[in-house]
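Here is the structure we will look at, set down as structure tokens.
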Amino acid sequence: MFLAYVPLAMLWGTMAAGKGFTPLDALAMSFFVYAGASQFIAVDMWREPLPVLLLILTAFIVNLRHFLMAASISRHITSVPKWLQPLLMYVLTDEAWAIAERRALDGPLSLGYYLGVAAPLWPIWFSFSAIGAVIGQSFGNVAALGDFGLAAMFITIIAGFWKGPRTGAVIGASAFVAALAHLYVPGRWYILLGGLAGVAVAALLHVEEEVQGPEDTMERGTP
Amino acid sequence: MSELLHWPWLIPILGMGAATYATRLSGLLLMRGVVVKGRAKAALDALPPSVLMAVITPTVLMTGRAESIAAVLTAIAAILRLPLLATMAIGIGSVWVLKALGV
């Protein structure tokens, strides 16, 4: 399962190199941000002059789901010293979360188990990002692959989030508003506007009487 | 390209890192023991697919017919649960083939 990050990290590195990232730039972003989906989106938005605020805001919105995951994990790590818990959150990715939650069904999470699962993924992610950037630099134009490659990857991830017709309504609303915003709003605001439109539809369509376990609908995506 | 590191790029990179860590840390600090459910949870759950769809909308819906058809083929492959690299190969490959066919 540690190998799952290798192709993704290398892919991200090659795409980043296509936007002028040096291996050290790629290493820095994977080291400090460490969140796959938002890193792919950021590379897509990466064009001088950099829309710094929009990049930060988009990363925050895309990663808001980690708020839920951290909240859920916090119930299982009460045996870990309080001062250490914030550090553990730094390596909380979708994959690490999913595995830790599964383990937590059988009892409290030990520090050793959580770190054994979550910690190795981080160096794998940032080192293979840098290797991907080296490859991207030496092969020059990977932009041809990057353009639709990113779309194909995101389509696959969206399919992983599919939970029935309501998901269809969410992505339909997102696509509709994003297309309008892309036509009429300058810059890259269509990402946030479309994303928020889909979220609004999800909230509107939510039916309260649905009975579900506390965790059973949390899903997995990219790191 | 003689630079090893674009120093000014560290500003958005560190900002994105802080924003991401804030999402992870606030869940721990603000929500100890609280279970998010109902409408708020439905909205948060919808965030990733919704934002991802918005990102790809210009590419898959507003570029050309080849890209739109390839997107449908990719979605079918994804729904059939093919591995990620296979669905990406299908997507990229079908854009090339469709363009070569003059679509």
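For region A:1-47, filtered to residues that are among the β-branched types (Val, Ile, Thr) and farther than 12 Å from residue A:137 by Cα, the residue that is modelled with the highest pLDDT is A:33. Report whether or not residue A:117 is part of a helix (DSSP H, G or I), more than 30 Å from residue B:4 (Cα to Cα) and more than 9 Å from chain B (Cβ to nearest Cβ). Criteria met by residue A:117. Residues in region A:137-147: is at least one at pLDDT 85 or above and buried (at least 22 other Cβ atoms within 10 Å of the Cβ)? For region A:137-147, residues at pLDDT 85 or above and buried (at least 22 other Cβ atoms within 10 Å of the Cβ): absent. The residues listed here are B:81, B:39; of these, the one that is of a type outside the set (Asp, Glu), out of contact with any Lys or Arg (no Cβ under 8 Å at 6 or more places or on another chain) and assigned by TED's automatic domain parsing to the domain that holds residue B:20 is B:39. Note on region A:172-209: residues that are in a loop (DSSP other than H, G, I, E, B) and either at the interface with chain B (Cβ under 7 Å from one of its Cβ atoms) or surrounded by 17 or more Cβ atoms within 10 Å (Cβ to Cβ) (or both) amount to 3.
Take the residues in region B:3-26 that are under 18 Å from residue A:48 (Cα atoms) and more than 7 Å from chain A (Cβ to nearest Cβ); name whichever of them is surrounded by the most Cβ atoms within 10 Å (Cβ to Cβ). Only one residue fits best here, namely B:8.
Residue under question is residue B:61, and the condition is that it be at the interface with chain A (Cβ under 7 Å from one of its Cβ atoms) and within 17 Å of the chain's Cα centre (by Cα); does it hold? When the stated conditions are applied, residue B:61 passes them. Has region A:63-78 got any residue that is of a type in the set (Gly, Ala, Ser), under 21 Å from residue B:49 (Cβ atoms) and without any contact (Cβ under 8 Å) to a residue 24 or more places away in the chain? Checked region A:63-78: at least one residue is of a type in the set (Gly, Ala, Ser), under 21 Å from residue B:49 (Cβ atoms) and without any contact (Cβ under 8 Å) to a residue 24 or more places away in the chain. Among the residues of region B:78-88, those that are assigned to a loop (DSSP other than H, G, I, E, B) and open to solvent by 90 Å² or more (accessible area, probe 1.4 Å) comprise B:80, B:81. Once region A:69-87 is narrowed to residues that are within 8 Å of chain B (Cβ to nearest Cβ) and more than 14 Å from residue A:100 (Cα to Cα), the residue that is surrounded by the most Cβ atoms within 10 Å (Cβ to Cβ) is A:85. Highlighted here are the helices (runs of 4 or more DSSP H) found entirely within region A:56-110 that include at least 2 residues which are over 24 Å from residue B:43 (Cβ atoms), in contact with a helix residue (DSSP H, G or I) (Cβ under 7 Å, 6 or more places away or on another chain) and at pLDDT 80 or above: A:85-90, A:94-104. For residue B:22, the conditions (1) part of a helix (DSSP H, G or I); (2) in contact (Cβ under 8 Å) with a residue 12 or more places away in the chain all hold with the exception of (2). Taking region A:24-42 as the search range and keeping residues that are open to solvent by 10 Å² or more (accessible area, probe 1.4 Å) and aromatic (Phe, Trp, Tyr), which one is nearest to the other protein chains (Cβ to nearest Cβ)? Looking at the filtered set, the residue picked out is A:32. Taking only region A:43-60 into account, find how many residues are open to solvent by less than 30 Å² (accessible area, probe 1.4 Å), farther than 22 Å from residue A:14 by Cα and facing chain B (nearest Cβ under 7 Å). Residues meeting the conditions: 0.
To keep it simple, each residue is scored yes or no on (1) buried (at least 23 other Cβ atoms within 10 Å of the Cβ); (2) touching an Asp or Glu at 6+ places or on another chain (Cβ under 7 Å); (3) without any contact (Cβ under 8 Å) to a residue 40 or more places away in the chain.
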| site | (1), (2), (3) |
| --- | --- |
| B:38 | no, yes, yes |
| B:50 | yes, no, yes |
| B:54 | yes, no, yes |
| B:57 | yes, no, yes |
| B:61 | no, no, yes |
| B:65 | no, no, yes |
| B:76 | no, no, yes |
| B:98 | no, no, yes |
| B:101 | no, no, yes |
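The values are calculated or read from the model by the stated rules, or taken from the named source; none is laboratory data. The structure presented is a predicted model; accordingly, all values stated were derived computationally and were not measured. As a convention, Cβ positions derive from the backbone with ideal geometry for all residues, glycine included, and neighbour counts pool all protein chains shown. What goes into the accessible areas is simple: the full protein's heavy atoms, side chains included, and nothing from ligands, DNA or RNA. Shrake-Rupley method; radii C 1.70, N 1.55, O 1.52, S 1.80 Å.
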